[in-house]
Amino acid sequence: MKFSFSALSVITLVSTANAQNTYTPARAEQHVIDIKNHDSSSGCLIWNEDSPLRNDLVFWKNELRQYNEVINEKLQTDFAPDLRRLFNDDYSNREEVCRAYADPSAQVPIDNIVAENMPDLSDPKTVELKQSLRGRNLEESPNAPPTLMEEYFNGSQQLSYLPRQGYMEPLVPPLRHPDMCLPDNKLGDYVGTMDYMIEDFGHICRNVLNRNMRTVFIDMGACYKFEHSTNNNPVQAIKAIEKYRHNGIHFDHIYAYEVRELKTEDVYASIPDHMKGPLHWINMPVSPEEGQDDNPWTMLKKNFRPDDFIVVKLDIDTPSVEMPLFQQLLASPELQELVDVFYFEHHVEMDEMQTFWGAHGSG
């Protein structure tokens, strides 16, 4: 089938299936979901046609650029310590720890922080909103920092939200960095750029992390063998793992599944030292068959608990394997309780990606 904006609702259901963790899409995302019969197969249409939706998204993109200046500054600093090891027994220092290491501006010189579009934090409505989103009584924490939306995206208000995970980027076409739609860019520019993704580490620190949880990264479709000369620009999964580490989330376990046969010594020689201890290198294909031992969901359900923090990346580039795994997550309340963050490159029939996906575009 052609790429239609309503296809986004399929992915959104991963978050909405759990009624106790209600997903609130950004306005732009909801607008896209509501367009049921859009017959265009262009992922850049909403960025190139003049409309109020495009204007809102351009405003969001400008805010995103400012936000990324702060994030990139933070990524140049040393890794943050493991936040679980910093919490007191009674978590009385949680706010102090989260401010120091998990908020976007943590460890960044104050002069570099963009302060535009800041709301009046004394406004009762703002206090009420912050209280509901932070999940705590602000009268007890009157100096609590602004939410991610308030501090960086208050003008556009174009972020989606989950009570457990916090804010995230709006899920709109082209389902990757919107600068790939700029007319002057070369084919392939920004296709693999992850800077449009937003993780609300401050919220996760305040609402999810605890001293006794295990932290897990499951990578389905891993390729960690790369030349040493490119170590300053590693594969995207390693960038993601290091982004979490810069924000104080150190993974105890990294399960990496890869079908292409690689020499184990080459893989370990080419990954950062901090990954070598946690890495479980599984050089075999994953099975899409439910209940099979080589289905990663089987391993996950057997070994981990809902109070662990689990991040999953699914990017196998084979829809016949990816889609059954995705559907199993979609249908299983047990898996939804286990998985905190899910990264998935959904191959759809989209004009701008056919050069890269070809027959792998599944609709």
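General remarks:
- None of TYR255, TYR224 is hydroxyl-bearing (Ser, Thr, Tyr), part of a strand (DSSP E or B) and surrounded by 17 or more Cβ atoms within 10 Å (Cβ to Cβ) except TYR255.
- Selection within the stretch 205-255: residues that are of a type in the set (Phe, Trp, Tyr) and at pLDDT 90 or above. The member of this set that is nearest to LYS313 (Cα to Cα) is PHE217.
- Positions within the stretch 329-352 being more than 29 Å from SER41 (Cβ to Cβ), free of Cβ contacts under 8 Å to residues at least 60 places away in the same chain and assigned to a loop (DSSP other than H, G, I, E, B), in sequence order: SER332, VAL339
For every residue, the table says whether it meets (1) open to solvent by less than 60 Å² (accessible area, probe 1.4 Å); (2) acidic (Asp, Glu); (3) within 24 Å of ARG211 (Cα to Cα).
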{"residue": "LEU53", "(1), (2), (3)": "yes, no, no"}
{"residue": "TRP60", "(1), (2), (3)": "yes, no, no"}
{"residue": "LEU64", "(1), (2), (3)": "yes, no, no"}
{"residue": "ASN68", "(1), (2), (3)": "yes, no, no"}
{"residue": "ASN72", "(1), (2), (3)": "no, no, no"}
{"residue": "ASP90", "(1), (2), (3)": "no, yes, yes"}
{"residue": "ASP103", "(1), (2), (3)": "yes, yes, yes"}
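- The residue that is modelled with the lowest pLDDT, counting only those in the stretch 298-339 that are of a type in the set (S, T, N, Q) and out of contact with any helix residue (DSSP H, G or I) (no Cβ under 8 Å at 6 or more places or on another chain), is SER320.
- Residues in the stretch 170-209 that are touching a strand residue (DSSP E or B) at 6+ places or on another chain (Cβ under 9 Å) and open to solvent by less than 40 Å² (accessible area, probe 1.4 Å): PRO170, MET197, ILE198, GLU199, ASP200, PHE201, GLY202, HIS203, ILE204, ARG206, VAL208, LEU209.
- Pairs linking a residue in the stretch 71-83 that is farther than 13 Å from ALA100 by Cα to a residue that is surrounded by 15 or more Cβ atoms within 10 Å (Cβ to Cβ) and basic (Lys, Arg), with Cβ atoms under 7 Å and 6 or more positions apart or on different chains, are LEU75/LYS243.
- Residues being over 17 Å from the mean Cα position of the chain (by Cα) and of a type in the set (A, V, I, L, M) - total across the stretch 317-349: 7
- Answer residue from the stretch 309-340, given it is under 18 Å from ALA256 (Cβ atoms) and not hydrophobic (A, V, I, L, M, F, W, C) and is least open to solvent (accessible area, probe 1.4 Å) among those: GLU322
- Filtering the stretch 273-285 to residues that are surrounded by fewer than 15 Cβ atoms within 10 Å (Cβ to Cβ) and part of a loop (DSSP other than H, G, I, E, B) leaves GLY277, MET284.
- Applying the criterion of being touching a residue at least 12 places away in the same chain (Cβ under 8 Å) and in a helix (DSSP H, G or I) to the residues of the stretch 286-300, the residue that is surrounded by the most Cβ atoms within 10 Å (Cβ to Cβ) is TRP297.
- With respect to (1) within 30 Å of ARG84 (Cβ to Cβ); (2) not in a loop (DSSP other than H, G, I, E, B), the lone exception for ASP179 is condition (1).
- Residue that is of a type in the set (Val, Ile, Thr) and outside any helix (DSSP H, G or I), where the choices are ILE238, ILE316: ILE316
The values are calculated or read from the model by the stated rules, or taken from the named source; none is laboratory data. Source: prediction; values computed, not measured. In this analysis, Cβ positions are derived from the backbone assuming ideal geometry, glycine residues included, and neighbour counts consider all displayed protein chains. All accessible areas refer to the heavy atoms of the entire protein, side chains included, with ligands and DNA or RNA removed. Shrake-Rupley method; radii C 1.70, N 1.55, O 1.52, S 1.80 Å.
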